[in-house]
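Trainee: Before I ask anything, here is the structure I am working with.
Bear in mind these aren't lab numbers, they're just calculated from the coordinates by the rules spelled out. A quick note: this is a predicted structure, and the numbers were derived from the prediction, not measured. Neighbour counts run over all protein chains shown; Cβ positions are idealised from the backbone, glycine included.
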Amino acid sequence: MSQGNMNLTLKVWRQKNSKTNGQLVTYQLKDISPDMSFLEMFDVLNEQLIVKGEEPVAFDHDCREGICGMCSMFINGRPHGPKSKVTTCQLHMRSFKDGDTIVVEPWRAAAFPVIKDLTVDRSAFDRIIAKGGYISVNTGNAQDANNLPIPKPDADAAFSAAACIGCGACVATCKNSSAMLFVSAKISQLALLPQGQVERTTRAKSMVAQMDEEGFGNCSNTGACEVECPKGISLENIARMNREFFAANIKE
Amino acid sequence: MSNTSGKFLQSSLGKKLLMGLTGLFLVSFLLVHCFLNSFIFFNDGGLMFNQGAKFMATNPIIRVMEYVLFAGLILHMVQALILTMQNSKARPVKYAFTNGAANSKWYSRSMGILGSLLLLFLVIHLANFWVKSRFTGLPGVDANGNENLYLVMLEVFKNPLFVAVYMLGVFSLAFHLLHGFPSAFQSLGLNHKKYNPLIKGLGFWFTIIVCLLFAAMPISIFCGLIK
Amino acid sequence: MSKLDSKIPEGSIDQKWSKYKSSVALVNPANKRSIEIIVVGSGLAGSSAAASLAEMGYKVKVFCFQDSPRRAHSIAAQGGINAAKNYQNDGDSTYRLFYDTIKGGDYRAREGNVHRLAEVSANIIDQCVAQGVPLAREYGGMLSNRSFGGTQVQRTFYAAGQTGQQLLLGAYSALERQVGMGTVEMCSRHEMLEVVTIDGVARGIIARDLITGKLERHFGHAVLLCTGGYGNVFYLSTNAMGSNVTAAWKAHKKGAFFGNPCYTQIHPTCIPVSGDHQSKLTLMSESLRNDGRIWVPKKQNDTRKANEIPEEERDYYLERRYPAFGNLVPRDVASRAAKERCDAGYGVGASKMAVYLDYKAAIDRYGHTQAIKNGVHNPTAEQLRTFGKEVVEEKYGNLFEMYEQITGENPYEVPMRIYPAVHYTMGGLWVDYNLMTTVPGMYALGEANFSDHGANRLGASALMQGLADGYFVIPYTIGSYLANEIRTKAIPTDHEAFVEAEKAVQAQIDQFFAIKGTKSVDHFHKALGKIMWEKCGMARNEKGLKEAIEEIKILRSEFWKDVRVTGTADEFNPELEKAGRVADFLELGELMCIDALNRNESCGGHFREEYQTEDGEAKRDDENYKYVAAWENKGNNTYELHKEELNFEVIKIAARSYK
């Protein structure tokens, strides 16, 4: 029912591994269906490459429903492509036109080295979380969940910040490769909740320190991250992180 | 303590804070500068203006503030330079194709260039006025017996080349401010749904008014509206 | 029989777990420091287990194939997590959750395990809230609940449509905290490819570093498989693309029995297949059935658009057939009912393989209450819609957006089209009460084991089970094994068993590259999926299953002759990863069919067409099949059946009715 009718020119970044240089390689694709997702279009490309005996394009993907945060393509100059509030896997070919040329590159940042083709290493994010993106409560130590009422606006705001999927689109799109939206989302979530108060000061300091150590750039408030974030994480979080960090440094 | 504060200033957020604070400080200078310079619009042959200039040149607080101002300016520039270099290092391999227009304003992405243009302008501007008033001396006094900085102004803005340079300066300033003003508040952590429109509005109208006034000065002199 | 000891503690059902906890052997803190535990998989079960065990003082290593533990597919669970908190004062209790789960599982789960699950469910919510998981709240600041299929109380906690994400990020943060403290070594982008056993006891694993391709040997006093389900055997499922059975299957081949492999859950509310290019199916949360009404036209092959079909010509078949539970019948029932209507020619959409999930009534209803709330007494139709849409958007906004993203249709205006899709596998590695498999020292947690959901899992119970196993069960039960392991020194990985295991893995990898065939791995995966869906899917019969077994055998031999794996072994090579996974699916698929063929009854997710009531409901055979089918791998794709008889001491076994 979804007989494909789109013909496309793809320019895809091919890079053997982290030690070699890469370049854009051009591929022609025929009979693409507008109902395909962007990654399914890549499946078609890869199937063709395999049949031809060439190496398929390596790209990260897993859940293909926009929540795991693994997919990461920089499409026509924008992370996750032209549609807002979606990840690459949720982008469908109906967002493109027959005859389009599409340039696909990996996330580019010193802190996200390329592993192969469109696959990058985002473990820097894990290391930042490991420095304080948690509440230190061992299993079995919790009181009854309703003993501590949380005002709905706070709970909702914390949830909005917690919606971050850690895909790294903010870093990819930022002209400075800054990770502030990601880091601030976690700092905000925990700063907004009563449970997060105990470690508030140390959390802000150590997460920011790790962020800097990883080699992410600085924020110049262009707001690109907020626009490109597939989960709509707000710049308010960065401001909150700034406050948290300053307050933490004043205190200690 | 000194160690942690040193660390604080070296941190990405510390640098941001410094950029914001120095930026806002420079904004406050712009306000004073623009206010005093607007005295020329009294069109009284520069009497009011020269009076203001005298106050600025002799008031001890202002004298001290001049050093602070230069310090702030240098800090703002040095920080900008460090940040730009760091940011460039954060992305060693550039994208082949980017579409920044889709997610941000061109001037937000061009603060470095706008700032550099401003610096260039500033050098010319200082050579035109500040160097003369401080070091090489001004051409005589006005009717009130004040040093006649106004005369220098009339001289400079007779030259269309300078007028053009000043227009470029104002243009750079306008867009630098349009991003910089609200951005400074964001860097200081002042982002609140309720007050954001206020900050944005304030920034916008400040930019428009200050820059229009600054632009009006050379133009009105060049056109002979002010004598 | 003799080989299977479920080790259910003695005593009355509500005493078993507390008595067990106070009498289970402990490992003292000094000994814990020298005991190493390997956790494979970083989803809810894996992350929570790893974090909890590390907190207790064990040395833990965690493996996941994704680039970060936060990507595990638990993250995609949408609707919620059950807990017997009775915050809504609607008569919920531990017993009721226990009862609902046993009944929901069509009386094919162990009472002891399920009661324990219901008992610890409340602790999970406490733990998660303490970790900063932002569960939905009411204006008074208390936690909010919604209802889910198969229950008549509101016991489901949620965080919009992202409950799994929030719970996983909670467990992930607990895990990363331990990583930061140095008590957990995290090995991301590593895939477990073999279990190492010495004298029949699990002693470690062989893992491949997916970036360098290097094979690594890792020792552990115990190995925990928290590797999720095997729904991807159907190729098209709601599972993540990388979800696989490899770790569990390797364990199975090393002696772990596989329990009830044929029990698969087909989720009723998924977005229908749109074409051959389809790589996965997207679930629309079951919570949508709270407010949405499911219908098909009363007329066969009706080609009118949904909104053109008048109310009286719509068949709300779930409400018609099951008045007591209506649209909230359990998943297996809802799925089969949809299939029945479509097969009978009442399906909708271009493919005719879909039914409508309609929000119009809900938008109207919410519109009215919202209008009253806002003091609008004579609302216009327009106002009603706006008010109603606001409420629906707040509750399900992200799901509606997702639907529109995928289909290009606006679900606020036209009913959604849905169709069942493979979602969860109740079957898995057989485990005893301790969650230990038939291989000593090897455990299976979460979806990877078979234990708690019987033949059908109720909505919002998977998150509950994963976290129960990881946070509250394994930290106790592992002690009973490790207390006897304190004298075992870490075994050096140049031990012969490690060398042999690594060789076997290397041999398989070499074999893949040696075939140099003509067809991609995906080609075989799709072919397998088609066989499984058609013959071992929502409805099965003897003839189809027998055919499927033969077809899978042929496909498997073709695979080993004609698959093409590009690239090399010593680099990042997703094709090689897929090849290994599909090779295992090709074996598992056959076992699933064998199990389905063996089970001459219909129960829960397993529906044999030969065994149904006159009105098309599943017909169990308690006399002959009230057992867990645990399959032992005898090599060369042969299997021996072991039965664990299920004893229902508390709950009276009965026909499952939602009418």
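Trainee: Once phi is turned into θ = phi - 60°, what whole-Hz ³J(HN,Hα) does the Karplus curve with 6.51, -1.76 and 1.60 give for every residue of region C:640-657, x standing for Gly and Pro?
Mentor: Coupling constants for region C:640-657: 10, 8, 10, 10, 10, 5, 9, 10, 9, 8, 9, 8, 7, 5, 8, 5, 8, 10 Hz.
Trainee: If a paramagnetic tag sat 7 Å from the Cα of B:ASN144 along the Cα-Cβ line, which residues of region B:21-44 would have the backbone N under 16 Å from that point?
Mentor: B:35-44
Trainee: For region C:160-292, what percent of Cα pairs sit more than 21 Å apart?
Mentor: Here the long-distance tail beyond 21 Å is 59 percent of all Cα pairs in region C:160-292.
Trainee: Now, a different point. About the Cα centre, and with charges only on the beta carbon of Lys, Arg (+1) and Asp, Glu (-1), how big is the dipole of region A:76-228? Nearest 20 debye, please.
Mentor: Computed about the Cα centre, the dipole is about 120 debye.
Trainee: Please compute, for peptide B:105-112, the average count of beta-carbon atoms on other protein chains lying within 10 Å of each residue's beta-carbon.
Mentor: Other-chain Cβ atoms within 10 Å of each residue's Cβ, averaged: 3.
Trainee: If you don't mind, another one. Enumerate the whole-percent occupancy of each 10 Å bin, from 0 to the last occupied one, for all C-alpha pair distances of region C:520-656.
Mentor: 11, 33, 29, 17, 7, 2
Trainee: Could I ask something else about it? In terms of Cα to Cα distance under 16 Å, which lysines are near enough to C:LYS61, apart from those fewer than 8 places away along the same chain?
Mentor: Here the lysines satisfying the reach criterion relative to C:LYS61 are C:LYS32.
Trainee: While we're looking at this one, here's another question. Output the direction-averaged projected area (hull surface divided by four) of the convex hull of the alpha-carbon atoms of region C:359-488, in nm².
Mentor: Quarter of the Cα hull surface area: 12.2 nm².
Trainee: Taking +1 at the Cβ of each Lys and Arg and -1 at the Cβ of each Asp and Glu, which of C:ILE509, C:ASN449, C:GLY479 sits farthest along the dipole of region C:444-600 towards its positive end, judged by Cα position relative to the Cα centre?
Mentor: About the Cα centre, the residue reaching furthest to the positive side is C:ASN449.
Trainee: If you don't mind, another one. Could you work out the helix-only [θ] at 222 nm for the protein assembly as shown, with each DSSP H run of four or more residues adding -39,500 (n - 2.57) and the total divided by the number of residues, to the nearest 500 deg cm²/dmol?
Mentor: Helix-only estimate at 222 nm: -14000 deg cm²/dmol.
Trainee: Please state the charge dipole magnitude for chain C, taken about the Cα centre, from unit charges on C-beta atoms (+1 on K and R, -1 on D and E), reported in debye and rounded to the nearest 20.
Mentor: 380 debye
Trainee: Using modelled amide H (1.01 Å from N, peptide plane; none on Pro or chain starts), what sits under 5 Å from the amide H of C:GLY204, excluding residues fewer than 5 places away?
Mentor: Counting only residues 5 or more places away or on other chains, the set is C:VAL196, C:GLY220.
Trainee: According to a simple spin-label model (label point 7 Å from Cα along Cα-to-Cβ), what is the distance in nm between C:SER657 and B:ILE113?
Mentor: Inter-label distance under the simple model: 7.7 nm.
Trainee: Determine the shape class of region C:201-262: with a ≥ b ≥ c the square roots of the Cα gyration tensor eigenvalues, call it rounded for a/c under 1.5, and otherwise prolate if a/b is greater than b/c, oblate otherwise.
Mentor: Here region C:201-262 falls in the oblate category.
Trainee: Please go through region C:393-501 and write out the trypsin sites (Lys or Arg not before Pro) that DSSP classes as loop and that have at most 16 other C-beta atoms within 10 Å.
Mentor: C:ARG487, C:LYS489
Trainee: Count the net charge of all other residues whose Cβ sits under 15 Å from the Cβ of B:TYR150, scoring Lys and Arg as +1 and Asp and Glu as -1.
Mentor: Counting the neighbours of B:TYR150, the net charge comes to 0.
Trainee: Cut-off 17 Å, label point 7 angstrom out along Cα-to-Cβ of C:ALA350: give me the residues of region C:247-273 whose amide nitrogen falls inside.
Mentor: The answer is C:271-273, whose backbone nitrogens lie closer than 17 Å to the label point.
Trainee: Right, something else. Is the shape of region B:170-211 rounded, prolate or oblate, going by the alpha carbon gyration tensor and its root eigenvalues a ≥ b ≥ c, with a/c under 1.5 for rounded and a/b larger than b/c for prolate?
Mentor: oblate
Trainee: Taking 22 Å as R0, compute the FRET efficiency from the Cβ-Cβ separation of C:LEU641 and C:ASN541 and round it to 0.05.
Mentor: Plugging the Cβ-Cβ distance into 1/(1 + (r/R0)^6) gives 0.65.
Trainee: Indicate the gyration tensor shape class of region A:6-116 (rounded, prolate or oblate), computed on the Cα atoms with a ≥ b ≥ c the square roots of the eigenvalues: a/c under 1.5 is rounded; otherwise a/b larger than b/c is prolate and the rest oblate.
Mentor: oblate
Trainee: If you average the C-alpha positions of region A:182-245 and of region C:590-659 separately, how far apart do those two centres end up, in angstrom?
Mentor: Their Cα centres are 52 Å away from one another.
Trainee: Related question: Can you pull out the trypsin sites (Lys or Arg not before Pro) in region B:128-224 that DSSP calls coil and that have at most 10 other Cβ atoms within 10 Å?
Mentor: Of the trypsin sites (Lys or Arg not before Pro), the ones in loops of region B:128-224 whose Cβ has at most 10 other Cβ atoms within 10 Å are B:LYS193, B:LYS194.
Trainee: Something else: Could you list, in their original order, any pairs among A:LYS231/C:LYS373; C:LYS553/C:LYS634; C:LYS543/C:LYS634; C:LYS250/C:LYS516 whose Cα atoms are separated by more than 27 Å?
Mentor: A:LYS231/C:LYS373
Trainee: Still on this structure, I have one more. Measure nothing but the geometry: give the 0 to 90° angle between the long axis through the Cα atoms of C:331-343 and the longest principal axis through the Cα atoms of chain C, rounded to 10°.
Mentor: Helix C:331-343 and the main axis of chain C meet at about 60 degrees.
Trainee: What is the Rg over Rh value, at two decimals, for chain C, using alpha-carbon atoms and the Kirkwood definition of Rh?
Mentor: Here the Rg-to-Rh quotient is 0.96.
Trainee: Using 7 Å Cα-to-Cβ label points, what is the C:GLU534/B:LYS200 separation (nm, one decimal)?
Mentor: Label-label distance for C:GLU534 and B:LYS200, simple model: 5.7 nm.
Trainee: Next question, about the same structure. How far apart, in nanometres, would the label points at C:VAL376 and C:TYR95 be if each is projected 7 angstrom from Cα along the Cα-to-Cβ direction?
Mentor: 4.7 nm
Trainee: Which residues does a label at C:THR518 reach in region C:549-565, if reach means a backbone N under 16 Å from a point 7 Å past the Cα toward the Cβ?
Mentor: Once the point is set 7 Å along Cα→Cβ of C:THR518, C:558-565 turn out to lie under 16 Å by backbone N, inside region C:549-565.
Trainee: In peptide A:107-117, how many Cβ atoms from other protein chains are near each Cβ within 10 Å, on average?
Mentor: Mean number of neighbouring Cβ atoms from other chains: 4.
Trainee: Which whole-percent values make up P(r) of chain B when all C-alpha to C-alpha distances are grouped in 5 Å steps starting at zero?
Mentor: Taking every Cα pair in chain B, the percentages come to 1, 6, 11, 16, 17, 15, 12, 9, 6, 4, 2, 0, 0.
Trainee: In whole angstrom, how long is each semi-axis of the equivalent ellipsoid of the protein assembly as shown, when you take the square root of 5 times every eigenvalue of its Cα gyration tensor and sort them from largest down?
Mentor: Over the Cα atoms of the protein assembly as shown, the semi-axes work out to 60, 32, 30 Å.
Trainee: Taking the alpha-carbon distance from B:LYS7 and a cut-off under 15 Å, which aspartates and glutamates remain once sequence neighbours fewer than 8 residues away in the same chain are dropped?
Mentor: Hits, sequence-local ones excluded: A:ASP212, A:GLU213, A:GLU252.
Trainee: What is the mean projected area of the alpha carbon convex hull for region C:243-365, to one decimal in square nanometres?
Mentor: The orientation-averaged projected area of the Cα hull of region C:243-365 comes to 10.1 nm².
Trainee: What FRET efficiency would be calculated for the residue pair A:ASN138, C:ASP5, taking the C-beta separation as r and a Förster radius of 30 Å, to the nearest 0.05?
Mentor: 0.40
Trainee: Looking at region B:127-227, which chymotrypsin sites (Phe, Trp or Tyr not before Pro) are DSSP coil and have at most 14 other C-beta atoms within 10 Å of their C-beta?
Mentor: Passing both the DSSP loop test and the Cβ count: B:TYR195.
Trainee: Past 32 Å, Cα to Cα, is the threshold; run A:LYS152/A:LYS251; A:LYS152/C:LYS339; B:LYS194/C:LYS280; A:LYS97/C:LYS299; A:LYS116/C:LYS503; A:LYS30/A:LYS186 against it and keep the listed order.
Mentor: A:LYS152/C:LYS339; B:LYS194/C:LYS280; A:LYS97/C:LYS299; A:LYS30/A:LYS186
Trainee: Given R₀ = 22 Å, FRET efficiency for C:ASP562-A:LYS30 by Cβ-Cβ distance, to 0.05?
Mentor: Calculated value: 0.30.
Trainee: Binning at 5 angstrom from zero up to the longest distance, how are the C-alpha pair distances of chain A distributed in percent?
Mentor: Histogramming chain A at 5 Å steps yields 1, 6, 12, 16, 17, 14, 11, 8, 6, 4, 3, 1, 0 percent.
Trainee: Go through C:592-604, A:97-109, C:234-246, C:45-57 and give me the packing order, highest mean Cβ count within 10 Å leading.
Mentor: C:45-57, C:234-246, C:592-604, A:97-109
Trainee: Here is a further query. At a 10 Å Cβ-Cβ cut-off, how would you order C:LYS280, C:LYS7, fewest neighbours first?
Mentor: C:LYS7, C:LYS280
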